[in-house]
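Visitor: One structure, pasted below without further comment.
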Amino acid sequence: MWKGRFRENTAKVVQDFTQSLDIDWFLAPYDIQGSVAHGRMLVTAGLLSPEEGEAIEEALGRIEKEISSGEFTPSEELEDVHMNIEHRLIELLGRVGAKLHTGRSRNDQVALTVRLFLRDRLTRLAEGLDGLLAVLLEKAEEHVQVIIPGYTHLQQAQPISLGHYWMAHFEAFSRDRRRLRFALESLEDCPLGSGALAGSTLPLDRFATASELSFARPSDNSLDSVGQRDYMADYHSFASLFAVHCSRLAEDFVIYSSGEFGWLLLPDGFCTGSSMMPQKKNPDVLELLRGKTGQIVGHFLDLLITLKGLPMTYDRDLQEDKRGLRRSLTTVEGMLEVLVPLLAAVQVDGARAEEGMADGFALATDVAEYLVLRGIPFREAHEKVGRVVKECLAGKKGLFDLSREEWRVLLPEAGDDLLPLLSLRSAVERRTTWGGTAFDRVHEQIARGRALLASAP
Ligand code: ARG
């Protein structure tokens, strides 16, 4: 394509090193979509005759079929998807085909094509993410009244509604939903018509191509348009946090489904066995959700490091951005695809979860707060209840085992009205602060969650 200026052909080793076909051939349909819009605009701008425009569009349609049927074999000598398609167009149409690249550079072509591709994938991903949020809402609704231990430092802390727990994951993934929407908004500017970097002397109508390709507007600065990849970083930022959230959820499930905890029951279809130990049922899917997170974060870093220190504007380093993008998308889609049905099929043994709190120590805070309502400063109350716990531990008893008489001795400040409060149910029910675990509060969270999902993007 640039033979005019050169005395020698490109060395074979350079061709191999610089070609990007292995990472951009998948963009072919989007390249054609962009070329059709560009061609139509060239016609209205008077740079192509209507007949030439028609011939180009028809040939592009033919090339698209050749590609989808697999009969088009791209050549590495032609470096990338864009030059392969243009070369074929010229093969088919001769001088007319040679007119399509008018006012266009591969720099704005690449920027456009990746944006079109990413917009498609993110639109589908947004639907998948809403599916995950919907399952979390269903789970929450089903389990509002189920009580499980809440942990800090993975030590039993206070009893909580399982519905509240599901809604905590809902919160995290709904923030991801916002980040995904933001990544989609970053794709609303159309770079086509920015040329190599500075625009064009030809009368291109950038508003026409932007609207033809369903963008909100043409991008405002041609230098920035061809050299920036923020929209990819916005995707990677979404993907990284999404994966981190998946991996934390997966880790919880690994723990809660283990023999020692045992109140979360994983569906057989989502577990694997051992080649040696007949009794095993392993949570490999969860471990892989956790394990794949590293790659997702790695792809984000890969892009940021590529971008760091790049001079304005397009630099060839940018060619490397597509590999990680595509891999990340495929991995994230796969994670979502397995997580949604797994979550839907998870079951819970509520009795076992409560058994885990049989010693009653998870209610120690409740006793201290009871004392606060009787006028005792919290720090003193904390210490007094701490001593009760110490006595219990020494006597190998739990809080629930203490008789009325023993409470009178160990905690004379407490009245008989303490005892009815000492149940897991009451502990959950009474945590009515905004955002707290009380059943009523959880119902409200679920209602807000439903409204969010019903709201337009
Ligand atoms: N194959 C390249 C890419 O994907 C296109 C390079 C276009 N620009 C250039 N100056 N070589 O980024």
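Visitor: Just how large is the dipole of the chain about the Cα centre, in debye to the nearest 20, putting +1 at every Lys and Arg Cβ and -1 at every Asp and Glu Cβ? Please list the in-between numbers first.
Guide: Numbers: 52 positive and 68 negative charges, 138 e Å.
For the chain, the charge dipole is close to 660 debye.
Visitor: Can you find, among Q347, P159, H87, the residue sitting farthest towards the positive end of the charge dipole of the chain, where Lys and Arg contribute +1 and Asp and Glu -1 at Cβ?
Guide: My answer, from the dipole projection, is P159.
Visitor: Angle, helix 81-93 long axis vs. longest principal axis of the chain, Cα atoms, 0 to 90°, nearest 10?
Guide: The helix 81-93 is inclined about 30 degrees to the chain.
Visitor: If you don't mind, there's one more thing I want to ask. Here are some pairs, K139/K281; K281/K396; K280/K390; K99/K322; which of them have Cα atoms lying more than 31 Å apart in this structure? Provide the component values of the computation, followed by the final result.
Guide: Working: K139/K281 23 Å; K281/K396 34 Å; K280/K390 38 Å; K99/K322 28 Å.
Pairs exceeding 31 Å: K281/K396; K280/K390.
Visitor: Right, next: Going by alpha carbons, how many degrees (0 to 90, nearest 10) lie between the helix axis of 50-68 and the longest principal axis of the chain?
Guide: Orientation of helix 50-68: about 50 degrees from the principal axis.
Visitor: How long are the semi-axes of the equivalent ellipsoid of segment 235-362, defined as square roots of 5 times the Cα gyration tensor eigenvalues? Whole Å, largest first. Write out the running numbers ahead of the final one.
Guide: Values: eigenvalues 307, 54, 26 Å².
After scaling each eigenvalue by five and taking roots: 39, 16, 11 Å.
Visitor: Could you please rank S49, S69, S247, placing first whichever residue has the fewest other Cβ atoms within 10 Å of its Cβ?
Guide: Working: S49 13, S69 8, S247 22.
In order of increasing Cβ crowding within 10 Å: S69, S49, S247.
Visitor: Another one. Cα convex hull of segment 31-174: mean projected area in nm², to one decimal?
Guide: On the way: hull surface 57.0 nm².
Value for segment 31-174: 14.2 nm².
Visitor: How high is the FRET efficiency from E380 to W434, r the C-beta distance, R0 22 Å, rounded to 0.05?
Guide: Numbers: r = 27 Å, r/R0 = 1.25.
E between E380 and W434, to the nearest 0.05, is 0.20.
Visitor: Counting other Cβ atoms within 10 Å, keep those with at most 16, restrict to DSSP loop, and tell me which trypsin sites (Lys or Arg not before Pro) in segment 379-421 are left. Let's see the in-between values first.
Guide: Details: sites: R379, K384, R387, K390, K396, K397, R404, R408; in loops: K396, K397.
Within segment 379-421, the qualifying trypsin sites (Lys or Arg not before Pro) (loop, at most 16 other Cβ atoms within 10 Å) are K396, K397.
Visitor: To check my understanding: the extent here is largest minus smallest coordinate of the Cα atoms along each principal axis. What are those three numbers for the chain, in Å, largest first?
Guide: 101, 53, 38
Visitor: Once amide H atoms are placed 1.01 Å from N in the peptide plane, what residues at a sequence separation of 5 or more from G150, or on another chain, have their amide H within under 5 Å of its amide H?
Guide: A157, Q158, I160
Visitor: In degrees between 0 and 90, to the nearest 10, how far off the longest principal axis of the chain does helix 230-256 point, with axes built from Cα atoms?
Guide: So the helix axis and the longest Cα principal axis differ by about 30 degrees.
Visitor: Using a Cα-Cα cut-off of under 18 Å, which aspartates and glutamates could be cross-linked to K308, ignoring same-chain neighbours fewer than 8 residues away?
Guide: Partners within reach: D224, D230, D234, D317, E320, D321.
Visitor: With label points built 7 Å along Cα→Cβ from the Cα atoms of F17 and S426, find their separation and express it in nm.
Guide: The answer from the label model is 7.7 nm.
Visitor: Could you compute the FRET efficiency for T10 and A98, with r as their C-beta to C-beta distance and R0 at 22 Å, rounded to 0.05?
Guide: On the way: r = 20 Å, r/R0 = 0.92.
Given R0 = 22 Å and the Cβ-Cβ separation, E is 0.60.
Visitor: Turning to a different aspect of this structure: Given Cβ point charges of +1 (Lys, Arg) and -1 (Asp, Glu) and nothing else, what value in debye, to the nearest 20, does the dipole of segment 175-269 about its Cα centre take?
Guide: On the way: 9 positive and 14 negative charges, 29 e Å.
Charge dipole of segment 175-269: 140 debye, to the nearest 20.
Visitor: Under a plain spin-label model, where a point goes 7 Å from the Cα along Cα-to-Cβ, how far apart in nm are A351 and A216?
Guide: Placing both labels 7 Å along Cα→Cβ, they lie 5.6 nm apart.
Visitor: Could you list log10 I(q)/I(0) for segment 174-302 at q = 0.16, 0.18, 0.19 Å⁻¹, which the Debye formula gives when each Cα is one point scatterer?
Guide: -0.87, -0.98, -1.04
Visitor: Further question on the same structure: Working out 0.36 nm times the residue gap between V372 and S75, then minus their Cα-Cα distance, what length gain in nm do you get to one decimal?
Guide: Numbers: separation 297, 0.36 × 297 = 106.92 nm, distance 7.81 nm.
Here the answer is 99.1 nm.
Visitor: Which trypsin sites (Lys or Arg not before Pro) does segment 298-340 hold that lie in a coil by DSSP with at most 13 other beta carbons within 10 Å?
Guide: Details: sites: K308, R316, K322, R323, R326, R327; in loops: K308.
Answer in residue order: K308.
Visitor: If you place +1 on the Cβ of every Lys and Arg, -1 on the Cβ of every Asp and Glu, and leave all else neutral, what size is the dipole of segment 1-122 about its Cα centre, to the nearest 20 Debye? Walk me through the numbers before you get to the answer.
Guide: Numbers: 15 positive and 21 negative charges, 86 e Å.
Its charge dipole is roughly 420 debye.
Visitor: Sort H87, H169 by Cβ crowding within 10 Å, fewest neighbours at the top. Numbers along the way, then the final one.
Guide: Numbers: H87 17, H169 20.
Fewest-to-most ranking of H87, H169: H87, H169.
Visitor: Could I ask something else about it? Looking at segment 1-67, which trypsin sites (Lys or Arg not before Pro) are in a loop (DSSP not H, G, I, E or B) and have at most 10 other Cβ atoms within 10 Å? Please report the intermediate quantities before stating the final value.
Guide: Values: sites: K3, R5, R7, K12, R40, R62, K65; in loops: R7.
Qualifying residues, ordered by number: R7.
Taken together, the values in this text are just the output of simple stated rules run on the coordinates, not laboratory data. Here the structure is a predicted model, which is why all the values come from computation and not from measurement. Here the Cβ is made from the backbone with ideal geometry for all residues, glycine too, and neighbour counts use every protein chain on show.
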